[in-house]
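What follows is a short report on a single structure.
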Amino acid sequence: MNEGYDPQVVIDNSTGGLSMAVILVLMAVAGIGGYMQYVGAIRRGARDRQYCIPLVTNLWNFAHDVTFVLSFESWYDDENELWILKLFWVGLIVFSLMELVVISHIIRYAREDLWGAGCSVPRAIAIYSAMQACVFGIFWWFQGITDDPLEYYGLTTTVIMASAFNISMMRARGDRRGMSEFILWGYLTLSCGFWPWMMVSDPDHFTHPIYILIAVGNIAIDIVSIAYYRSLPEYVPATSERPAERESVPTG
């Protein structure tokens with residue numbers, strides 16, 4: 001466990017035989033879940049005029065994805081590099097763009113809830129930029145203290161962070177504004193594809209009890225999040241005849 005995963009084992013299992021076929025299927029499942037989250041969040045955010053990915057989650061995902069994209073030479077410097085990493089590079093460009101849309105929702109719709117009444121767009125951009133810079137620093141520190149040549153630990157952190165703050169965000173709002181069951185099923189789909197994929201990639205490492213515990217907890221949170229969402233009242237947008245009550249301060 002202390003020695004980390006074996007990059008050569010991951011490469012061997014991902015480039016031939018039955019394990020590669022299984023990994024392809026599991027990657028597809030995880031990828032579908034990821035797109036369900038962000039496509040659903042962008043659509044619901046525009047409808048409800050609210051951000052739909054928890055603030056901390058989006059900060060961390062953006063730091064990871066942009067760092068990966070900027071590391072182009074690491075993934076394309078050798079024709080024998082792992083094909084999965086080349087595929088990631090293309091996919092994470094798309095995710096980075098979707099994360100920018102979520103950031104725009106935060107700035108447009110939630111800046112006063114997050115940073116006080118009267119917060120202007122320039123001030124909100126400055127605050128968010130400072131927070132993002134801090135999270136970039138934390139992520140680069142994390143990279144520096146881990147032996148993660150294939151970025152599998154970095155990717156693991158994004159899956160863990162994805163589900164961690166959904167319940168607190170929904171609880172603070174008190175209704176279904178800024179969330180949908182489609183988005184939450186995306187989280188569950190991502191987790192159910194990702195963890196088996198890691199375990200097939202390096203069975204000797206990613207089946208350690210600590211990963212089993214994290215995987216079970218991650219999936220359990222996804223399931224509980226769906227159940228909690230179903231217990232919440234529907235969000236009814238304000239109209240000229242019926243102004244909406246002021247929302248509680250979102251968390252996460």
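Students often get this wrong, so try it: which of (i) 59, 49, 33; (ii) 64, 37, 28; (iii) 44, 42, 37 is Cα extents along the principal axes in Å as calculated from the structure shown?
(ii)
Helix 55-70 versus the longest principal axis of the chain: what is the Cα-based angle in degrees, 0 to 90, to the nearest 10?
The angle comes out at about 40 degrees.
Can you give me the angle between helix 152-164 and the longest principal axis of the chain, using Cα atoms only, in degrees from 0 to 90, rounded to the nearest 10?
With rounding to tens, the tilt is 30 degrees.
Got a sec? Charge dipole of region 94-252, +1 on Cβ for Lys and Arg, -1 for Asp and Glu; which of ALA110, LEU100, SER201 is way out at the positive end?
Projecting each Cα onto the dipole axis, the largest value belongs to ALA110.
Might you report the magnitude of the Cβ-based charge dipole of the chain about its Cα centre, with Lys and Arg at +1 and Asp and Glu at -1, to the nearest 20 debye?
Rounded to the nearest 20 debye, it is 1580 debye.
For the chain, modelled as a Gaussian network with Cα springs under 10 Å, which listed residue fluctuates most, ASN58, ASN218, ASN13?
With Cα springs under 10 Å in the chain, the top fluctuation among ASN58, ASN218, ASN13 is at ASN13.
Given a cut-off of under 8 Å on Cα pairs at least six residues apart, what relative contact order in percent is computed for the chain?
That works out to 35 percent.
Quick one: net charge around THR157, please, counting Lys, Arg +1 and Asp, Glu -1 for every other residue with C-beta under 13 Å from its C-beta.
-3
Evaluate the relative contact order of region 71-203 (contact order divided by residue number), counting alpha-carbon pairs under 8 angstrom at least 6 apart; express in whole percent.
12
Can you grab the distance from the C-alpha centre of region 24-57 to the C-alpha centre of region 133-156, Å, no decimals?
Value for the Cα centre distance between the two parts: 22 Å.
Please give the charge dipole size of region 54-146, origin at the Cα centre, charges +1 on K and R Cβ atoms and -1 on D and E Cβ atoms. Round to the nearest 20 debye.
Rounded to the nearest 20 debye, it is 540 debye.
Roughly how many Å² is the accessible area per residue of region 88-212, as a whole number, for a 1.4 Å probe?
Accessible area per residue: 42 Å².
For GLN37, what is the net charge nearby, where nearby means another residue's Cβ is under 15 Å from its Cβ and Lys, Arg count +1, Asp, Glu -1?
-2
Let me check the size of region 1-121 from its C-alpha atoms; what are the radius of gyration and Dmax in Å?
Both quantities, over Cα of region 1-121: 18.2, 59 Å.
Could you tell me what percent of the accessible area of region 112-176 is made up of carbon and sulfur, with a 1.4 Å probe and every protein chain present?
68
Going by alpha carbons, how many degrees (0 to 90, nearest 10) lie between the helix axis of 209-231 and the longest principal axis of the chain?
The helix 209-231 is inclined about 30 degrees to the chain.
The values are calculated or read from the model by the stated rules, or taken from the named source; none is laboratory data. Values in this document were obtained by computation on a predicted structure and should not be read as measured data. Heads up, the Cβs are rebuilt from the backbone with ideal geometry, glycines too, and the neighbour counts pull from every protein chain shown. In case anyone asks, the SASA skips ligands and DNA or RNA and just uses the protein heavy atoms, side chains included. Shrake-Rupley method; radii C 1.70, N 1.55, O 1.52, S 1.80 Å.
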